[in-house]
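Since the structure comes first, as structure tokens, the remarks are kept for the end.
The values are calculated or read from the model by the stated rules, or taken from the named source; none is laboratory data. Because the structure is a prediction, the values reported are computed rather than measured. Here Cβ is always computed from backbone atoms with ideal geometry, including for glycine, and neighbour counts include all displayed protein chains. The protein model used for the area step is the full one, side chains on, heavy atoms only, and it has no ligands, DNA or RNA in it. Shrake-Rupley method; radii C 1.70, N 1.55, O 1.52, S 1.80 Å.
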Amino acid sequence: MTALAPNPAEEDLATFLPADASPSARLFFDQFRKAGLPNRRVESWHYSDLRARLRAVPPLARAPDEAARAVARQKLAAGAFLRVVTVDGFYAPELSDDFSAVAGVEIIRAGEADFAGETADALLDLNAALARGGFVLDIAAGARVETVIEIVALAGAETDRSRFGRNLIRLGAGAHAKIVETRDEGFAGFGDSALFIALGEDAQLDYACRCRETASVEVQSLNVTLAARANLRSVALLAQTPFLRRQYFVSLAGEGAELQLAGAAILGRTDHADVTLAVRHDAPACTSRETFKYVLGDHANGVFQGKIVVPPHAQKTDGKMMCRGLLLSDEAALSAKPELEIFADDVACGHGAAVTKLDAQQLFYLETRGVPHIEAEKILIDAFAADVFEMLDSEALRDVLRADLSELLGEEKPA
Amino acid sequence: MLEIENLHVRVAGKKILDGLNLTVEDGQVAAIMGPNGSGKSTLSYVVAGRADYEVEQGSIKLDGADILEMSPAERAARGLFLVFQYPLEIPGVATMTFLKAALNAQRKARGEAELPTLEFMKQVRAAAAKLNISQDMLKRPVNVGFSGGEKKRMEVLQMALLEPRFAILDEMDSGLDIDALKTCAEGVNALRGEGRSLLVITHYQRLLNFIPPDVVHVMSRGKIVRSGGPDLALALEATGYADYTEGAAA
Amino acid sequence: MAAVQQTVDTVKTLDVDAYKYGFTTEIESDKAPKGLNEDTVRFISARKREPDWLTQWRLDAYRRWETMAEPRWARVDYPKINYQDLYYYSAPKGTAGPKTLAEVDPELLRTYEKLGIPLSEQEILAGVQERRVAVDAVFDSVSVVTTFKEELGKAGVIFCPISEAVRAYPELVRKYLGSVVPVTDNYFATLNSAVFSDGSFVYIPPGVRCPMELSTYFRINEQNTGQFERTLIIADAGSYVSYLEGCTAPKRDENQLHAAVVELIALEDAEIKYSTVQNWYPGDSEGRGGIYNFVTKRGDCRGARSKISWTQVETGSAITWKYPSCILRGDHSRGEFYSIAISNGHQQVDSGTKMLHLGKNTSSRIISKGISAGQSQNTYRGQVFAHRKAQNARNFTNCDSLLIGDQCGAHTVPYIEAKNSTAQFEHEATTSKISDDQLFYCMQRGLEAEEATALIVNGFVRDVLQQLPMEFAVEAQKLIAISLEGSVG
Ligand SMILES: Nc1ncnc2c1ncn2[C@@H]1O[C@H](COP(=O)(O)OP(=O)(O)O)[C@@H](O)[C@H]1O
Ligand SMILES: [Mg+2]
């Protein structure tokens, strides 16, 4: 093994660690320094060479002041949902809605102790070392929250900053909630955010994420733990991503937990989006379904890496993973690596992957019915991608994603 | 021929057979009728020796020998045959391969010589012709891509070939149209006779028109609640099972 | 169907641990001194009376190898190999040059007979059919005999040990050797390039359909000896050849190294069918001993409409690291990979294929069946790649794993990379155990658990078995049952 060439971005990052950093923050930072920014020789980062891409990082974003909040407030259009707002990764109660009237919902500033200690990835280490001022969104045991909660991530006065958001969504036993996360931090800067989702026994969460604007280099890590019989339905819509890595570390930790993880990436220009999953069936009789779809035009590059891990005791595991890509241009590329790693014998696991093009017969059929070719294509692309929204329970969340998708495809807004 | 005494069976922790008693005499055709979920298929699986059924109490004797400790294959070699309610598909295994393996395994277990290939082929062809089973079906893997009716005919073909002493027919009529039902019933009836008994499990009287039983048992909630002659089946057809299910609850 | 019964019978007559090819042959041999350095390379080259260009080629490879690191990305775990503690050349005494059958040491002939490979030109392999197979028998580092050479020669087919080809057909060897697997390709291929001992050379002239199956039978006998076979097959325009290799080794407590390179070249409209039944000694039930099998196999569909098809039945070796691949360079060329990989005991398999679509309208098909039992680990690793210019590339992949018992692992790692909008790739994979319902159904019809399992497993792998030449399919079916022996509880 030859030593990695030094990368100036790592030096920049080292200056971000404050003098009064806690011992655990230092520990995480040391872990990050030891591994370095991952490059293509690190198997799980093979298709997203962060080391090559990130040669310098912009200054560290500071906790928002009044000027930053004013800029953020302008971008915060009137919305239909109750909102929790972050500015440059910091929880901004001043911009957030008042949740006191919503039974069972509490939002507090997060402390180091709120997050699970271990990490599995260099960028998650970096986030653990540098993140400050996130929130914990707590849904009390047994609470059935009917209203949709929206988490909005915005930038402050300067968009070219390094941001390290770190938040936690926690549902107590038997709680039900619907959450949509809107990421709108602008297209500049570097982002390394982490969202933790912990579901108690029998808890149910519908979670949608809209990546509307992502930084020029952005890593999003999701750390998910499901207790017995908990049920998470999660859909992400990724678009306009200059260089995005969205990674999920999921543990189905309690017997009978159920996970439905889906996403659609609509990419053009030179967009790069990498979705990497590590789903561990840590308890017996859990079910997981992973479905990701890519629509790739222009010079876009889509990456899907999915790994289902079944340790020896996780008998009766049911796991199925699917990745489908639609290539619309000869310059676009899709790389898919759906993996199974199975140590238990009484399982039914599978994965599929397909790279296809639009179905000529369907196109023809639509055209014979008078739909112009371009429109027919859009209709089929929309259907291809929107399919993954169906797994969400909440009609409201599905509507949000559908509207975003139509907008992206330049369709007429649905009436 | 078959004697079941005080049989208690649990499946996945749930009590399904609850003190069932049943005797089928030599040469007898007995019918079991009962509502869905009363435990009919469970009974047939337990007699055939499926592993995940926990026998808590009771005994099952075939020709006087307790078979509960025997493997399914040993029971089959003693002449027990089950027509599955839902016959299994076995991808990649040619039907002929399967038939020959089964037949020779049983012959071997009984100390008989293997059947020469030509003789075997002749027997299969003859039986297949009677049941309207095409050569093409025999070439395909076991039950793969067969319609419901084809699968049932294939079960009867196996029965004809293996010549069991005691056969359980678990809802042989489900998924069959009237012509296929006739064909299957003829196949079964051809095997009726001395030294051979049948246990015909069904939900409907219809099948019993084609395979007339000597006795009829009514099963509900895991036990035989009434036994009688063939007319009992007709009575049930008229009144339904309500009497038994509610009566049992009271 | 007879084969199924045979399979079952074979299982019964064998003890656990009874690797049937585990005997050794007492024969004197001529060895290079232990260890690896430039002198070893020169020694091998000199023993084989090679021309200077080849000696240099080997030395270049050796120098390159010294700068390389052993790959560690595969899911196999083994103690560090001490490359200085091995013999790199071992030849049975008196086999310096090519022989006719009459000249071969009778002890060697007996060895091959015991292995079921009669080295005579009348008998037929496995005795199944009136079908003749030409055999090249490689014992440790040298080829001891090649049968049917004359008859093949009449058709213009060249089939001989590669060491002989270097002298007899230098232009062909020089033109193609290392043209598919470059000297620097990977650690083990580079090692092989430096020290390769023997293997087969095949050339089929334009338009010729090879009149019989060709096969090479590899046997490792000597202790502490690595085998570094090198096989080169060239199918000239419009020709066809079917080639099979078989491998066995004695039971030994220490691990033995086998690092082979196989290169296939198919020119316009040519077709090569390459089948392997790999049954190297897998080690004992405690995981002691066994062959380390690090193999680089690659086929180049160089000409338009050419086709290369790999079929492998992998049941042996302690460690298998092997990815027979196809470079689909010619327009309309086609690559196929059919694999059965069975692991039991402490075996570790990391195997699969690469289909690299470069030309236009190329297609490939991958069918992989992995079966893990005992405490083994079985990984499928495969890559399907469509180049930006590979218009209309098509791939279908189906990769199924079966687990027998709860101590083993089955893993699937496919890499699917499409850089062309007209590419159509379809991949499906499943992992499961033998269904209890299927077992019960078979047992209700009178089959015991072990027979029922053998039957279902044979069904599971049938799509691949069908790709093998008939006599080898029978052999393979037997092997499958033997390898799974003792795995049914
Ligand atoms: N594997 C099983 N796990 C749990 N319950 C089962 C299982 N098999 C059968 N049962 C239950 O046992 C009862 C009897 O089923 P069955 O014997 O199939 O009835 P029938 O054949 O009379 O319709 C039903 O309530 C059914 O749901
Ligand atoms: Mg039933």
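Key figures
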read-out	value
Hey, B:Ile90 away from ligand 2 (no atom under 16 Å from the Cβ) and hydrophobic (A, V, I, L, M, F, W, C) or not	yes
Positions within segment A:161-185 being under 17 Å from A:Val219 (Cβ atoms) and over 16 Å from the mean Cα position of the chain (by Cα), in sequence order	A:Arg161, A:Ser162
Odd one out for C:Asn361, checked against (1) polar (S, T, N, Q); (2) under 16 Å from the mean Cα position of the chain (by Cα); (3) modelled with pLDDT of 95 or more; (4) not in a strand (DSSP E or B)	(2)
Boolean, B:Asp136 is among the acidic types (Asp, Glu), away from ligand 2 (no atom under 16 Å from the Cβ), farther than 30 Å from B:Lys61 by Cα and surrounded by fewer than 18 Cβ atoms within 10 Å (Cβ to Cβ)	yes
Residue identified as touching a Pro at 6+ places or on another chain (Cβ under 8 Å), charged (D, E, K, R) and surrounded by fewer than 21 Cβ atoms within 10 Å (Cβ to Cβ) among A:Arg369, A:Arg402	A:Arg402
Considering residues of segment B:188-216 that are in contact (Cβ under 8 Å) with a residue 60 or more places away in the chain and more than 19 Å from B:Ala233 (Cβ to Cβ) only, the residue surrounded by the most Cβ atoms within 10 Å (Cβ to Cβ)	B:Arg196
B:Gly27, sole failed condition from (1) more than 13 Å from ligand 2 (Cβ to nearest atom); (2) assigned to a loop (DSSP other than H, G, I, E, B); (3) touching a helix residue (DSSP H, G or I) at 6+ places or on another chain (Cβ under 7 Å)	(3)
Selection within segment C:437-455 - out of contact with any Cys (no Cβ under 7 Å at 6 or more places or on another chain) and facing another protein chain (nearest Cβ under 7 Å)	C:Asp437, C:Gln438, C:Phe440, C:Tyr441, C:Met443, C:Gln444, C:Arg445, C:Gly446, C:Leu447, C:Glu448, C:Glu451
Elements of type strands (runs of 3 or more DSSP E) in segment A:123-202, at least 1 residues being without any contact (Cβ under 8 Å) to a residue 60 or more places away in the chain and acidic (Asp, Glu)	A:135-139, A:176-184
Verdict on B:Ile32 being within 11 Å of ligand 1 (Cβ to nearest atom), aliphatic (A, V, I, L, M), open to solvent by 20 Å² or more (accessible area, probe 1.4 Å) and at pLDDT 90 or above	no
Residues of segment B:1-20 satisfying the condition of being outside any strand (DSSP E or B) and open to solvent by 70 Å² or more (accessible area, probe 1.4 Å)	B:Ala12
All positions within segment A:268-283 that are in contact (Cβ under 8 Å) with a residue 40 or more places away in the chain and either open to solvent by 10 Å² or more (accessible area, probe 1.4 Å) or at positive phi (or both)	A:His272, A:Thr276, A:Ala278
Test: B:Leu88 is open to solvent by 20 Å² or more (accessible area, probe 1.4 Å), out of contact with any His (no Cβ under 6 Å at 6 or more places or on another chain) and within 16 Å of ligand 1 (Cβ to nearest atom)	yes
Positions within segment B:165-179 being touching a residue at least 24 places away in the same chain (Cβ under 8 Å), open to solvent by 10 Å² or more (accessible area, probe 1.4 Å) and more than 16 Å from ligand 1 (Cβ to nearest atom), in sequence order	B:Arg165, B:Leu176, B:Asp177
Which listed residue, of A:Asp330, A:Asp399, A:Asp359, A:Asp346, is of a type in the set (Asp, Glu), within 7 Å of chain C (Cβ to nearest Cβ) and without any contact (Cβ under 8 Å) to a residue 24 or more places away in the chain	A:Asp330
Subset of segment B:65-83 (residues that are open to solvent by less than 50 Å² (accessible area, probe 1.4 Å), part of a loop (DSSP other than H, G, I, E, B) and more than 7 Å from every other protein chain (Cβ to nearest Cβ))	B:Ile67, B:Leu68, B:Met70, B:Gly79
Members of segment C:303-315 that are surrounded by 24 or more Cβ atoms within 10 Å (Cβ to Cβ), touching a residue at least 60 places away in the same chain (Cβ under 8 Å) and within 17 Å of C:Leu465 (Cβ to Cβ)	C:Thr311, C:Val313, C:Thr315
Any hit, segment C:409-425, residues being within 14 Å of chain B (Cβ to nearest Cβ), farther than 30 Å from B:Leu80 by Cβ and hydroxyl-bearing (Ser, Thr, Tyr)	no
Selection status of B:Thr23, within 14 Å of chain C (Cβ to nearest Cβ), open to solvent by 10 Å² or more (accessible area, probe 1.4 Å), away from ligand 1 (no atom under 16 Å from the Cβ) and among the polar types (S, T, N, Q)	no
Matching entry among A:Thr291, A:Thr317 (being surrounded by 21 or more Cβ atoms within 10 Å (Cβ to Cβ), more than 9 Å from chain C (Cβ to nearest Cβ), of a type in the set (Ser, Thr, Tyr) and in contact with a helix residue (DSSP H, G or I) (Cβ under 6 Å, 6 or more places away or on another chain))	A:Thr291
From the options A:Leu340, A:Leu327, residue that is open to solvent by less than 40 Å² (accessible area, probe 1.4 Å) and under 15 Å from A:Leu267 (Cα atoms)	A:Leu327
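Conditions (1) under 21 Å from B:Asp214 (Cα atoms); (2) within 16 Å of ligand 2 (Cβ to nearest atom); (3) in contact with a strand residue (DSSP E or B) (Cβ under 9 Å, 6 or more places away or on another chain), marked per residue:
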| residue | (1), (2), (3) |
| --- | --- |
| B:Leu2 | yes, no, yes |
| B:Leu7 | no, no, yes |
| B:Asn21 | yes, no, yes |
| B:Glu54 | no, no, yes |
| B:Gly58 | no, no, yes |
| B:Lys61 | yes, no, yes |
| B:Leu82 | yes, yes, yes |
| B:Ala105 | no, no, no |
